[in-house]
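Structure first, commentary second.
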Amino acid sequence: MSKFDLSRIVGAGGVSESDTELREIFLDKIRENPENFYPPLPEDEAEALRESIQANGLLEPLLVVADGDTYRLVSGHNRFRALQDLRGNALGMAYKTALCRVLPAMDPDHEITAIIEANRQRKKTPAVLQQEAEALTEVYVRRKQAGEDLPGRIRDRVAEAMQVSATKLANLNAIKNGLACDDFRTAWEHGNITESCALEIARMDPQEQEQLHDWLARDRLPCTLRTVREFAVIGYLVSRTCDKAERPCPNARAMYRD
């Protein structure tokens, strides 16, 4: 299986016409890619994108592949949605088409890789990085099962492709599998708690996670690595020295700080 080098296309300054084809395509002929797992922009950023397109036009073409009589997006989902919004707001026929770069046909595994490669510069939460790692892992497993020579451990190949350490990937996997409390999982997925904090919580059993959640809410404390570690120490001591093990005494935090 030949390697699809998207780096020659995405962000390249001088791509020859033999590499890809630029064309105006009707928005109604473009479909979002079901393999795209990246979340849409927050509304304030989406509004800024719409304003930019209104003022300057579409500065970067969408990346698409042919799919029968239509085209499937590889990169540019947010730009595509912005164009749809502008057209839907009765701003005229100026938004009936989009400039697209049509990529060569590729197999499904290389298409998933292309989607990830095209989003390399995107700011990502740890949860999105974990989704990337899972998608690439599945791709490499399928390619290896198909007989492609992929020496070394798949985790190391995934880490190299994502330009992160294998240890980081292991930590992200531990967080995904270890977070049992829904609120902590949601906070991690939205980037509201740090990776180190989420990893510390993921190492607790489900009951401890619920107790931590209740303690933070009751005392109106932020979920940080410091407060999680504080809870772990207080909880350890309370479970062994306090008659009312369900809740630390009022002086517990002061004693911890001392």
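The values are calculated or read from the model by the stated rules, or taken from the named source; none is laboratory data. Everything numeric in this text was worked out from a predicted model, so none of it was measured. Cβ atoms come from the backbone with ideal geometry, glycine included; neighbour counts cover every protein chain shown. The protein model used for the area step is the full one, side chains on, heavy atoms only, and it has no ligands, DNA or RNA in it. Shrake-Rupley method; radii C 1.70, N 1.55, O 1.52, S 1.80 Å.
Taken over the stretch 54-81, the criterion of being more than 18 Å from residue 105 (Cα to Cα), over 20 Å from the mean Cα position of the chain (by Cα) and without any contact (Cβ under 8 Å) to a residue 40 or more places away in the chain is satisfied by 54, 55, 56, 57, 59, 60. Scan the stretch 44-51 and give yes if some residue there is within 25 Å of residue 188 (Cβ to Cβ), out of contact with any Cys (no Cβ under 6 Å at 6 or more places or on another chain), without any contact (Cβ under 8 Å) to a residue 60 or more places away in the chain and of a type in the set (Asp, Glu), otherwise no. There is at least one residue in the stretch 44-51 that is within 25 Å of residue 188 (Cβ to Cβ), out of contact with any Cys (no Cβ under 6 Å at 6 or more places or on another chain), without any contact (Cβ under 8 Å) to a residue 60 or more places away in the chain and of a type in the set (Asp, Glu).
Residues in the stretch 120-145 that are crowded, with 19+ Cβ neighbours inside 10 Å and either acidic (Asp, Glu) or in contact with a strand residue (DSSP E or B) (Cβ under 8 Å, 6 or more places away or on another chain) (or both): 132 alone. Of all residues in the stretch 176-197, which are out of contact with any Pro (no Cβ under 7 Å at 6 or more places or on another chain) and not in a loop (DSSP other than H, G, I, E, B)? Scanning the stretch 176-197 gives 176, 177, 178, 182, 183, 184, 185, 186, 187, 189, 196, 197.
Just one of the numbered conditions (1) more than 22 Å from residue 161 (Cα to Cα); (2) assigned to a loop (DSSP other than H, G, I, E, B); (3) modelled with pLDDT of 90 or more; (4) open to solvent by 90 Å² or more (accessible area, probe 1.4 Å) is not true of residue 17: (3).
Is the stretch 151-160 home to any residue that is open to solvent by 20 Å² or more (accessible area, probe 1.4 Å), more than 20 Å from residue 59 (Cα to Cα), under 26 Å from the mean Cα position of the chain (by Cα) and touching a residue at least 40 places away in the same chain (Cβ under 8 Å)? No.
Among the criteria (1) outside any strand (DSSP E or B); (2) within 29 Å of residue 126 (Cα to Cα); (3) open to solvent by 30 Å² or more (accessible area, probe 1.4 Å), the one residue 38 does not fulfil is (3).
Out of all the residues in the stretch 43-69, which are open to solvent by 90 Å² or more (accessible area, probe 1.4 Å) and farther than 24 Å from residue 117 by Cβ? Hits for the stretch 43-69 are 43, 44, 51, 54, 56, 69.
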